[in-house]
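Some notes on the structure that comes next.
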Amino acid sequence: MVDQREADEKVDILGKANILKPAFCCVAATDYCMLRCKMCNKWSEPIPKPEELPSIAEWKRFITGFRELVDEQFEMDFGGGEALSMPGILEMVRHAKDLGFKTTMASNGYLINKEMAIKIADSGLDAVSLSLDSHRAQLHDKMRGVEGVYQRVMEAIDNISKYSKHTRKGLCCIIMDENIDDILPLVQLADKNPKIDWIYFMVVVQPNYSGPLTDDWRDEYKYLWPKDKVKTIALLDELIRLKQSNSKVSNRVEHLRAYKAYFNNPQKLVNKARCIVGGRAISINSYGFVQLCLFKDFIGNIRKQDIRDIWRSQDAEVIRKQVDQCKTNCHLLLNCCYIEDEPSLYSS
């Protein structure tokens, strides 16, 4: 069988082999977030100085160059921090849309009032994923560390529905100990609300910006990990049933089965011997640094280099070789990039 990477290569007009195309792109254009989430430490990170940040012109230059590396209708994801807190973020979205990208954004919903929803409409943003961990305002606010966040999410759904009708809206919920009993009511909320297009579930993993990956993280963050394994597995069985019954749950059945295997044994590998992303994911942080893997070295900076040169660079090839050899049980692959249907990966 031909290796997938070889199958993805093509030859340009000069007869030189081009490396494989990007398959995923996340623009984490700001580190700022007004929330204090229990499952993420990014809010505690130092905020960059203005002179350390790419200008909007530099971000647009990146987007323009990146267009040449990918196929039509490639999806560009904008995130943070809270992406909408960054001045100019929707100008970047508009530029990406004008170049033919599909555009999505992850948001906590806190800033989406009427005025912001109108700006979202003007940007052409295709879809927004709103964080919501419970149908109960008190619990969601507790998990996100700021009072009133739940109400802001509800208002964001209404405002986008009214003022940015083309923008699809979904919910993203993290399955944790404190909201185990709230997951099914949250699905019911989504299924009954015609303004909500989907609900996507993630599983709790080692919090962002909590240091190197370790199997001991559940000791420090024991309040996050579900204490009742039987209840958690039963919940996922019910989510699978709902998925098969035309619920708005957007995870594939295989994905939910992988979650079952993870909660049954968190040390279980969630991917095959080689990283399933395979060096095809690209992330740009708020300083403009580019990574192919969030746990490996930077390969360049969009402020100083063209993204096409970065993608084809020797530094990028070094990281791709490291990724090919990586055996880390990286649960980011489980939440964000689960693409495999290999039964042995999600069997108990």
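Residues being in contact with a Lys or Arg (Cβ under 9 Å, 6 or more places away or on another chain) and more than 18 Å from LEU186 (Cβ to Cβ): count how many of those fall in segment 234-257.
Selection size over segment 234-257: 2.
Scan segment 190-220 residue by residue and report those that are surrounded by fewer than 17 Cβ atoms within 10 Å (Cβ to Cβ) and in contact with a Pro (Cβ under 8 Å, 6 or more places away or on another chain).
The answer is ASP215, ARG218.
Given LYS114, LYS102, which one is open to solvent by 20 Å² or more (accessible area, probe 1.4 Å), within 29 Å of GLU147 (Cβ to Cβ) and modelled with pLDDT of 85 or more?
Sole residue among the options that is open to solvent by 20 Å² or more (accessible area, probe 1.4 Å), within 29 Å of GLU147 (Cβ to Cβ) and modelled with pLDDT of 85 or more: LYS114.
Which pairs have Cβ atoms under 9 Å, sit 6 or more apart or on different chains, and link a residue in segment 179-203 that is on the phi > 0 side of the Ramachandran plot to one that is at pLDDT 95 or above and open to solvent by 10 Å² or more (accessible area, probe 1.4 Å)?
Close Cβ pairs satisfying both conditions: none exist.
Would you confirm whether any residue within segment 223-231 is surrounded by 14 or more Cβ atoms within 10 Å (Cβ to Cβ), within 30 Å of ASN41 (Cα to Cα), of a type in the set (Val, Ile, Thr) and out of contact with any Asp or Glu (no Cβ under 7 Å at 6 or more places or on another chain)?
no
Output the number of residues of segment 254-284 satisfying the condition of being out of contact with any strand residue (DSSP E or B) (no Cβ under 8 Å at 6 or more places or on another chain), surrounded by fewer than 21 Cβ atoms within 10 Å (Cβ to Cβ) and either modelled with pLDDT of 95 or more or not in a helix (DSSP H, G or I) (or both).
10
Working only within segment 52-75, note down all residues that are of a type in the set (D, E, K, R), more than 12 Å from GLY288 (Cβ to Cβ) and open to solvent by 50 Å² or more (accessible area, probe 1.4 Å).
LYS60, GLU68, ASP71, GLU72, GLU75
The values are calculated or read from the model by the stated rules, or taken from the named source; none is laboratory data. Treat the numbers as computed from the prediction; the structure is a model and nothing was measured. Every residue, glycine among them, receives a Cβ derived from its backbone with ideal geometry; neighbour counts consider all protein chains shown. Areas reflect the complete protein model, heavy atoms only, side chains present, ligands, DNA and RNA absent. Shrake-Rupley method; radii C 1.70, N 1.55, O 1.52, S 1.80 Å.
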